[in-house]
Amino acid sequence: VIGPSKFGIPANIVANYWVIHYKGDIGLPKEYEGSGRFRFWGLADDVLIVRIGDEWVLDACWGSDFHVMRGFEYEDKEGHRVHSLGNHVARIGNWFELEPGEPIEMQLVISEIPGGTFSMMLLVEEEGVDYPKNEFGAPIIPMFKTMEVPEHLVQEIKYQTVPDRFDIEGGPIFGIY
């Protein structure tokens, strides 16, 4: 509901059949001391796909059989649709590695088909981190971000989402270093 307004689209415009393709470099600071091995958790109503470098690592599109990428295989075949993130359950993507101080290209495609309300979440799990659990036993994983989230947006996100499904302020920041 709030997404189109962030692009200057008036509230009276009905957003049907749209696609947004983000492309840019992400990275970890040179002094980063974590594992450097990550995977995305995501959901979208309707389309969310993510590519890191030369590999597609997440297809988190709506519905159990709706995939944008034909032939995409999940490494975790049993657990990729387990934990609720709000209006649907997360798809857990494939692991990828980042070297501190070495930027890598990331591509993200989101879309609304056929139209109406759009929602999506993109979280990032780091291998070896013990995350707190919510009341349903699901890990509370950090939101993917490339910069510190301004406090007014933290409050807006908290207002628009289900509590204890993800961590807004924790986790690494994948800026260009």
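Summary table below
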{"item": "Greater than 26 Å apart at Cα, pairs in K6/K158; K30/K145; K23/K133; K30/K158", "result": "K23/K133; K30/K158"}
{"item": "Pairwise centroid distance, computed over Cα atoms, of segment 33-51 with segment 113-146, Å", "result": "8"}
{"item": "Selection of GluC sites (Glu not before Pro), segment 84-129, meeting DSSP coil and at most 12 other Cβ within 10 Å", "result": "E127"}
{"item": "Acute angle (nearest 10 degrees) that the helix 151-160 long axis makes with the longest principal axis of the chain, alpha-carbon atoms", "result": "60"}
{"item": "Carbon plus sulfur fraction of accessible area for the chain, probe 1.4 Å, in percent", "result": "54"}
{"item": "Estimated FRET transfer efficiency (V19, V162; beta-carbon r; R0 25 Å; 0.05)", "result": "0.40"}
{"item": "Normalised contact order of the chain, rounded percent, pairs of Cα under 8 Å and 6 or more residues apart", "result": "31"}
{"item": "Computed accessible area, L28, all protein chains, 1.4 angstrom probe, square angstrom", "result": "0"}
{"item": "For the chain, calculated [θ]222 nm from helices alone, where every DSSP H run of n ≥ 4 adds -39500 (n - 2.57)", "result": "-2000 deg cm²/dmol"}
{"item": "Nonlocal amide H pairs with S119, under 5 Å, H built at 1.01 Å", "result": "D45, D46"}
{"item": "Environment charge at F136 (Cβ cut-off 11 Å; Lys +1, Arg +1, Asp -1, Glu -1)", "result": "0"}
{"item": "Accessible area (Å², per residue) of the chain, counting only protein heavy atoms and a probe of 1.4 Å", "result": "56"}
{"item": "D_trans [Stokes-Einstein, Kirkwood Rh over alpha-carbon pairs] for the chain, 25 °C, 0.890 mPa s, µm² s⁻¹", "result": "145"}
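The values are calculated or read from the model by the stated rules, or taken from the named source; none is laboratory data. What you are looking at is a predicted structure, and each value in this text was computed from that prediction instead of being measured. Glycine also receives a Cβ, built like all others from the backbone with ideal geometry; neighbour counts cover every protein chain displayed. Areas reflect the complete protein model, heavy atoms only, side chains present, ligands, DNA and RNA absent. Shrake-Rupley method; radii C 1.70, N 1.55, O 1.52, S 1.80 Å.
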